[in-house]
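Heads up, the thing below is written out as structure tokens.
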Amino acid sequence: RVQFGGPIGDDTPRLPDGSIPSQRLDKNGSLASPHIIEYGEALIKDLLQRYSTIDGIRIDWPEYPPYFLDAVFTDFGPHVETFANERGFDFERIREEAAVGYKRFRESLSDADLKAYIQSPKTFISDLQVSDDFISLKSQIVSNLLLRYRNAMNEAGGKTKELIPSAFPDPWNQLSGFDYTANSEIVDAISCKHYTMHWPMMMKNYSDALTEKNPNLSDSLVAESLSKSFGAVSPTPSSTEEFSYPEPNEKHPVSLQELGNKQTIAETNSTSAPVLPIAHSYGPTEDFINRAKAVYSVSKERLWVNRYAYLSDEKLEALGQIFR
């Protein structure tokens, strides 16, 4: 139940050392938990039986939402261990590698590391991934969840109903466990969330985690390496203090070209299902329209808008101009 839930016991996602992350935006449980999967299946079947005329079901956060750095290094609870062992993964080796990676980012990062990431931003993401096996394990957990939910829909007479998960864009999906290619074989469409007001907040969360026990890191290098690695903030800030969550009436600090690139990457990777971009309705009219147009202009499909209440007659008319 995301922000208003709260898993208990074995269903709680855990860090490599078995502890529970102290900071999380979401309250998701372990995606490998049989209790949570079975609850989801039952809920889906009940919804389809009671509301037989709906077109489908959209699922948000069927991944490990990477709002905080700790979330990137989950989940090592008992349900994941069982899932990993059943599928031939070396769980202990993956856990040990993740523990080393977690400690490095939290306690032994250097300015030299940050300079290297600035020169080659993709290596920041690959180092956060820890190993191919860790990413593969997370992606299989996510795909299994979606497949179970798809089968539950079919069993409830919903073979013609659409299953549409929402997912983070690149490169966050590489850390969240959402494989656009694999999951496009399971679902009817994927909605890619371009929630650009979240991105500077996430950069701030990451920078706080990186500097908490690495106090000697250059603040400007932290800001530049994060911005370039994630393509999240534009122009590149000179300080992490510039990472801030824009209010609903403020312009979002994002590159329109980067927005289009992220949508294009998602569509390229989703080989069997359309990717529906979601533009967030926050921001002044011109800013909102520019962001919506940036993703819709490269998309092959529909445009979804999040938080309809923040639209206005002016924004709706401007949207109409895009489509016309």
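The values are calculated or read from the model by the stated rules, or taken from the named source; none is laboratory data. All figures in this text were calculated on a predicted structure; none of them were measured in a lab. Cβ atoms come from the backbone with ideal geometry, glycine included; neighbour counts cover every protein chain shown. For the accessible areas, the whole protein counts, side chains as well, though only heavy atoms, and no ligand, DNA or RNA atoms are used. Shrake-Rupley method; radii C 1.70, N 1.55, O 1.52, S 1.80 Å.
Would you call E242 surrounded by 15 or more Cβ atoms within 10 Å (Cβ to Cβ) and closer than 21 Å to Q174 by Cβ? Before the answer, list the steps.
Values: surrounded by 15 or more Cβ atoms within 10 Å (Cβ to Cβ): yes; closer than 21 Å to Q174 by Cβ: no.
The answer is no for E242.
Residues that are on the phi > 0 side of the Ramachandran plot and surrounded by 21 or more Cβ atoms within 10 Å (Cβ to Cβ): does the stretch 211-230 have at least one? Show your work before the answer.
First, the residues of the stretch 211-230 that are on the phi > 0 side of the Ramachandran plot: none.
No, that holds for no residue.
Residues to consider are D111, D75; find the one that is among the charged types (D, E, K, R), surrounded by fewer than 17 Cβ atoms within 10 Å (Cβ to Cβ) and in contact (Cβ under 8 Å) with a residue 40 or more places away in the chain. Give the steps one after another, and end with the answer.
Values: D75 fails: surrounded by fewer than 17 Cβ atoms within 10 Å (Cβ to Cβ).
Among D111, D75, only D111 is among the charged types (D, E, K, R), surrounded by fewer than 17 Cβ atoms within 10 Å (Cβ to Cβ) and in contact (Cβ under 8 Å) with a residue 40 or more places away in the chain.
Using the structure shown, decide if G158 is touching a residue at least 12 places away in the same chain (Cβ under 8 Å), over 23 Å from R50 (Cβ atoms) and open to solvent by less than 10 Å² (accessible area, probe 1.4 Å). Spell out the reasoning first.
On the way: touching a residue at least 12 places away in the same chain (Cβ under 8 Å): yes; over 23 Å from R50 (Cβ atoms): no; open to solvent by less than 10 Å² (accessible area, probe 1.4 Å): yes.
Considered against the rule, which asks whether it is touching a residue at least 12 places away in the same chain (Cβ under 8 Å), over 23 Å from R50 (Cβ atoms) and open to solvent by less than 10 Å² (accessible area, probe 1.4 Å), G158 comes out as no.
Going through the stretch 114-138 one residue at a time, which ones are surrounded by 21 or more Cβ atoms within 10 Å (Cβ to Cβ) and hydroxyl-bearing (S, T, Y)?
The answer is Y117, and nothing else.
Name every residue in the stretch 19-33 that is within 19 Å of I141 (Cα to Cα), of a type outside the set (D, E) and open to solvent by less than 30 Å² (accessible area, probe 1.4 Å), in order of residue number.
Within the stretch 19-33, N28, G29, S30, L31, A32, S33 qualify.
Only one residue in T181, T196 is more than 26 Å from I54 (Cβ to Cβ) and in contact with a Ser or Thr (Cβ under 8 Å, 6 or more places away or on another chain), so which one is that? Even if it seems obvious, please write down each step before you answer.
Numbers: T196 fails: in contact with a Ser or Thr (Cβ under 8 Å, 6 or more places away or on another chain).
When all the criteria are applied, what remains is T181.
Name the residue that is farthest from the chain's Cα centre (by Cα), counting only residues in the stretch 166-189 that are under 20 Å from L303 (Cβ atoms) and open to solvent by 30 Å² or more (accessible area, probe 1.4 Å). Outline the logic, then answer.
Pass one, the stretch 166-189, residues under 20 Å from L303 (Cβ atoms): 166-170, 173, 180, 184, 187-189.
The next check asks that each one be open to solvent by 30 Å² or more (accessible area, probe 1.4 Å); those that pass are 170, 188.
Numbers: D170: 8, D188: 19 Å.
Checking each candidate, the answer is D188.
Output yes when any residue across the stretch 63-74 is touching a helix residue (DSSP H, G or I) at 6+ places or on another chain (Cβ under 6 Å) and more than 19 Å from S19 (Cβ to Cβ), and no when none is.
Yes, the stretch 63-74 contains a residue that is touching a helix residue (DSSP H, G or I) at 6+ places or on another chain (Cβ under 6 Å) and more than 19 Å from S19 (Cβ to Cβ).
State yes or no: is A152 surrounded by fewer than 21 Cβ atoms within 10 Å (Cβ to Cβ), assigned to a helix (DSSP H, G or I) and among the aliphatic types (A, V, I, L, M)?
Values: surrounded by fewer than 21 Cβ atoms within 10 Å (Cβ to Cβ): no; assigned to a helix (DSSP H, G or I): yes; among the aliphatic types (A, V, I, L, M): yes.
No, not satisfied.
Restricting the first residue to the stretch 27-44 and requiring it to be touching a residue at least 24 places away in the same chain (Cβ under 8 Å) and among the charged types (D, E, K, R), which pairs with a second residue that is buried (at least 19 other Cβ atoms within 10 Å of the Cβ) and assigned to a helix (DSSP H, G or I) meet a Cβ separation below 6 Å and a spacing of at least six or different chains?
That search, which allows pairs on different chains as well, returns E41/A152.
What is the residue count in the stretch 55-72 for residues that are farther than 27 Å from A189 by Cβ and open to solvent by less than 10 Å² (accessible area, probe 1.4 Å)? Please lay out each step first, then the result.
Filtering the stretch 55-72 for residues farther than 27 Å from A189 by Cβ gives 68-70.
Narrowing further to those that are open to solvent by less than 10 Å² (accessible area, probe 1.4 Å): 69.
Here the count works out to 1.
Are there any pairs with C-beta distances below 7 angstrom linking a residue in the stretch 128-143 that is closer than 15 Å to Y102 by Cβ to a residue that is acidic (D, E) and surrounded by fewer than 18 Cβ atoms within 10 Å (Cβ to Cβ), with the two at least 6 apart or on different chains, and if so which?
V130/E97; S131/E97; F134/E97
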